[in-house]
Amino acid sequence: MSEGDNRSANMLAQETAQLEEQLQGWGEVILAGDRVLRWEKPWFPGALMGVTTVIFLLIYYLDPSVLTGLSCSVMLLCLADYLVPTLAPRVFGSNKWTTEQQQRFHEICGNLVKTQRRIVGWWKRLCTLKEEKPKMYFASVISSLLTVAWIGQQVHNLFLTYLIVSFLLLLPGLNQHGIITKYAGMAKREINKLLKQKEKKNE
């Protein structure tokens, strides 16, 4: 392993350790959420979608303003930040924290750090593209934003948000159970068949 790789691995380990320390009070809740998101039990996906649907139906029924919705969201986050570290050990029992749970918590924190690094890397590549190829950058950004704006105009905002949130919540379980890999492989095979048929027709 090169010196650069060693430095990167050390930085990753340090950032992961710092995140573990910051989220230590949320450990039990994070592990419980991880089990639900990875569908450890067959009824977890249905329960997940049921809770999400009820929340969005409630928002649709109450129809709060943007300022009210933002205020309530921040208020709930503040309450969770205050109550969870205090109540979680009593609910889950901190004395039941095992080596396996600690290892899984470490993996989750490591994955969060890697995800953060990927997002920063994508942003840096976008900035590099803006500096090196400004025309391509502006064409790509404007076309992407126009596409998003058109989709937002065609689909109700709340329903679109519901679809996005539902997909993100189901994504870990879909990935864990190999469903994404399965259907991506099927789509790839169909595309290859179409390309081969097109090549034969051209011949």
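The values are calculated or read from the model by the stated rules, or taken from the named source; none is laboratory data. In this text the structure is predicted, and so the values were computed from the model without any measurement. As a convention, Cβ positions derive from the backbone with ideal geometry for all residues, glycine included, and neighbour counts pool all protein chains shown. What goes into the accessible areas is simple: the full protein's heavy atoms, side chains included, and nothing from ligands, DNA or RNA. Shrake-Rupley method; radii C 1.70, N 1.55, O 1.52, S 1.80 Å.
Helix 66-88 axis versus longest C-alpha principal axis of the chain: approximately 50°, rounded to the nearest ten.
When a/c is below 1.5 the answer is rounded, else prolate if a/b is larger than b/c, else oblate, so apply that to region 66-153 with a ≥ b ≥ c taken from the square roots of the Cα gyration tensor eigenvalues. Note, shape of region 66-153 comes out oblate. Heavy-atom accessible surface of E20, to the nearest 10 Å², is about 30 Å², with a 1.4 Å probe and all protein chains retained. Seen against the Cα atoms of the chain and their longest principal axis, helix 44-62 is set at about 90 degrees.
Compared with the dominant Cα axis of the chain, that is its longest principal axis, helix 27-37 is turned about 40°.
Each residue of region 135-144 is assigned a 3J(HN,Hα), and the resulting list reads 5, 5, 4, 5, 5, 5, 5, 5, 5, 5 Hz, derived from the Karplus form 6.51 cos²θ - 1.76 cosθ + 1.60 (θ = phi - 60°), x at Gly and Pro.
May I ask you to list the trypsin sites (Lys or Arg not before Pro) in region 35-105 that are in a DSSP loop and have at most 16 other Cβ atoms within 10 Å of their Cβ?
Taking region 35-105 and a limit of 16 other Cβ atoms within 10 Å, the loop trypsin sites (Lys or Arg not before Pro) found are R38.
With runs of 4+ DSSP H residues as the only contributors, calculate the mean residue ellipticity of the chain at 222 nm using -39,500 (n - 2.57) per run, divided by the residue total and rounded to the nearest 500. Intermediate results must be reported in sequence, preceding the final value.
Working: 8 runs with 172 residues, N = 203.
Rounded to the nearest 500, the figure is -29500 deg cm²/dmol.
Here region 155-203 and region 62-81 have alpha carbon centers that stand 34 Å from each other. Can you give the accessible area per residue of the chain, in Å², using a 1.4 Å probe? I get 79 Å² per residue for this part. Classification of region 40-90 by its C-alpha gyration tensor yields an oblate form. The axis ratio a/c (a ≥ b ≥ c) is 1.5 or more, and b/c is at least a/b.
Mind checking the dipole of the chain: about its Cα centre, +1 per Lys or Arg Cβ, -1 per Asp or Glu Cβ, Debye to the nearest 20? Once rounded to the nearest 20, the dipole reads 1020 debye. Taking 37 °C and 0.692 mPa s as conditions, region 117-167 diffuses translationally at an estimated 256 µm²/s according to Stokes-Einstein applied to its Kirkwood radius (Cα pairs). Note on the chain: percent of Cα-Cα distances in each 5 Å bin, starting at 0 and stopping at the bin with the largest distance, equals 1, 5, 7, 10, 13, 16, 16, 13, 9, 5, 3, 1, 1, 0, 0.
Have a look at S73, V51, N10 and report the one farthest towards the positive end of the charge dipole of region 7-74, computed about the Cα centre with Cβ charges (Lys/Arg +1, Asp/Glu -1). Towards the positive end, the residue furthest out is V51. Averaging Cα coordinates gives a centre for region 5-40 and one for region 106-140; these two points are 21 Å apart. Full extension of the chain between E40 and I142 gives 32.6 nm of extra length, using 0.36 nm per residue less the Cα-Cα distance.
Its relative contact order, with pairs defined as Cα atoms under 8 Å and 6+ residues apart, puts the chain at 36 percent. When the accessible area of region 1-157 is computed with all protein chains present and a 1.4 Å probe, what percentage of it is carbon and sulfur? That fraction is 65 percent. With the whole protein complex present, T86 retains an accessible surface near 70 Å², based on a 1.4 Å probe. The Cα-based radius of gyration and maximum Cα-Cα distance (Dmax) for region 5-75 are 18.3, 54 Å.
Pairs spanning more than 30 Å between alpha-carbon atoms, out of K135/K193; K41/K114; K114/K188: K135/K193.
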